[in-house]
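Participant: To start, I am sharing the structure in question, which I have written as structure tokens.
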Amino acid sequence: MDTATPAVTVALHDGTRVLAESVRVDARRHGELLLPAVDRVLAEAGVKLDAVTDVVVGVGPGPYTGLRVGLVTAATFGSALSVPVHGLCTLDGLAHAAGLAGLTGPFAVATDARRKEVYWARYEDGRTRTAGPSVDRPADIAEQLAGLPVVGAGAVLYPDAFPDARGPEHLAAGALAALAAERLAAGEELLPPQPLYLRRPDAQVPKNYKVVTPK
């Protein structure tokens, strides 16, 4: 599952292929959409929740509010089912999806970080990250990524900086699950299910607030 971007996405993978997948793009309803998506995917695959052996969750980078929905839900399932919970960089999932779609050679992935910034990373191919993840203004990395295809919603939002925008625009959890299954089968360790925020949350405690004490 992944909620690090506006896409709320869940997939069920049997180690060989994706059995079912759900993708809904709604930046404001992560909490409302995630659990129904889990139910829908399990029902479509004809699998009960207690058959799940591992949980994989996208750890971002992404905005604080949306990202934590997926992480907390994954941790809850892991605890309830007594199964391991693995983290995977959301940008890696998008890169893998682009590779599965036929994109070859060096490219970058960029998602919307708000505040007129993007979360981005550079890849040698759909499985190999060579730089990032980082958060920057598009104009500040345009020269660095010049001539490269850029996958994701961040590229679509800033065509002046990323003229060669490519799909997919949003992550589908099937690609995230396929990459995780491939790495686990190879004996690789995935990331801990901890958030990659890369910057402070939008909501912060005000500075120099007035302290009120009882008389």
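Participant: Relative contact order of the chain: what whole-number percent is it, with Cα pairs under 8 angstrom and at least 6 residues apart?
Facilitator: 24
Participant: Can I ask one more? Taking the stretch 1-63, how much of its Cα-Cα pair set, in percent, is spaced more than 13 angstrom apart?
Facilitator: Working: 1190 of 1953 pairs.
That tail contains 61 percent of the Cα-Cα pairs.
Participant: Taking the DSSP beta bridges in the chain as the whole, what percent of them are antiparallel, to the nearest 5?
Facilitator: Working: 22 of 30 bridges.
So the antiparallel bridges in the chain amount to around 75 percent.
Participant: How big is D for the stretch 103-171, in µm² s⁻¹ as a whole number, if Stokes-Einstein is applied with the Kirkwood radius of its Cα pairs at 20 °C and 1.002 mPa s?
Facilitator: Stokes-Einstein gives a translational diffusion coefficient of 187 µm²/s.
Participant: Something else: Gap in Å between the Cα centre of the stretch 1-17 and the Cα centre of the stretch 123-169?
Facilitator: 22
Participant: Could I ask something else about it? Give the residue from ALA185, THR104, LEU145 lying farthest towards the positive end of the charge dipole for the chain; charges sit on Cβ (+1 for Lys and Arg, -1 for Asp and Glu) and the dipole is referred to the Cα centre.
Facilitator: It is LEU145.
Participant: So, one more: Of all the stretches in the chain, which is the longest one without any exposed loop site, taking GluC sites (Glu not before Pro) in a DSSP loop (any state but H, G, I, E, B) with at most 10 other Cβ atoms within 10 Å?
Facilitator: No qualifying site falls inside 1-142, the longest such stretch.
Participant: Could you compute the FRET efficiency for LEU198 and LEU100, with r as their C-beta to C-beta distance and R0 at 22 Å, rounded to 0.05?
Facilitator: Rounded to the nearest 0.05, the efficiency is 0.25.
Participant: In sequence order, what are the phi-derived ³J(HN,Hα) couplings for the stretch 87-92 according to the Karplus relation 6.51 cos²θ - 1.76 cosθ + 1.60 with θ = phi - 60°, rounded to whole Hz, with x for glycine and proline?
Facilitator: Listing the rounded values in order: x, 8, 4, 4, 5, 5 Hz.
Participant: Quick one: if the Förster radius is 30 Å, what FRET efficiency do VAL156 and ASP125 give, using the C-beta to C-beta distance and rounding to 0.05?
Facilitator: The calculated FRET efficiency here is 0.85.
Participant: Roughly how many percent of the accessible protein surface of the chain is carbon and sulfur, given a 1.4 Å probe and a whole-percent answer?
Facilitator: 51
Participant: Here's a follow-up. Given all pairs of different Cα atoms, what value in angstroms does the Kirkwood hydrodynamic radius of the chain take?
Facilitator: 17.8
Participant: Also, I was wondering about something else. Explain nothing, just compute: Karplus ³J(HN,Hα) = 6.51 cos²θ - 1.76 cosθ + 1.60, θ = phi - 60°, for every residue of the stretch 140-148 in order, whole Hz, x for Gly and Pro.
Facilitator: 6, 10, 4, 5, 4, 9, 4, x, 9
Participant: Take the eigenvalues of the Cα gyration tensor for the stretch 36-80, scale each by 5, and report the square roots as semi-axes in whole Å, largest first.
Facilitator: Working from the Cα gyration tensor, I get semi-axes of 22, 12, 8 Å.
Participant: Where does the stretch 56-149 land on the Kirkwood hydrodynamic radius, alpha-carbon pairs, in angstrom?
Facilitator: Values: mean 1/r = 0.0697 Å⁻¹.
For the stretch 56-149, inverting the mean 1/r across all distinct Cα pairs yields 14.3 Å.
Participant: Given a 1.4 Å probe, how much area per residue of the chain is accessible, in Å²? Kindly include the intermediate steps, with their values, before the conclusion.
Facilitator: Working: 11340 Å² over 215 residues.
Ligands and nucleic acids excluded, the figure is 53 Å² per residue.
The values are calculated or read from the model by the stated rules, or taken from the named source; none is laboratory data. Being a predicted model, the structure only gives us computed values, none of them experimental. Counting neighbours? That spans all protein chains shown, and the Cβs are built from the backbone with ideal geometry, glycine included. Side chains included, ligands, DNA and RNA excluded: accessible areas come from the protein's heavy atoms. Shrake-Rupley method; radii C 1.70, N 1.55, O 1.52, S 1.80 Å.
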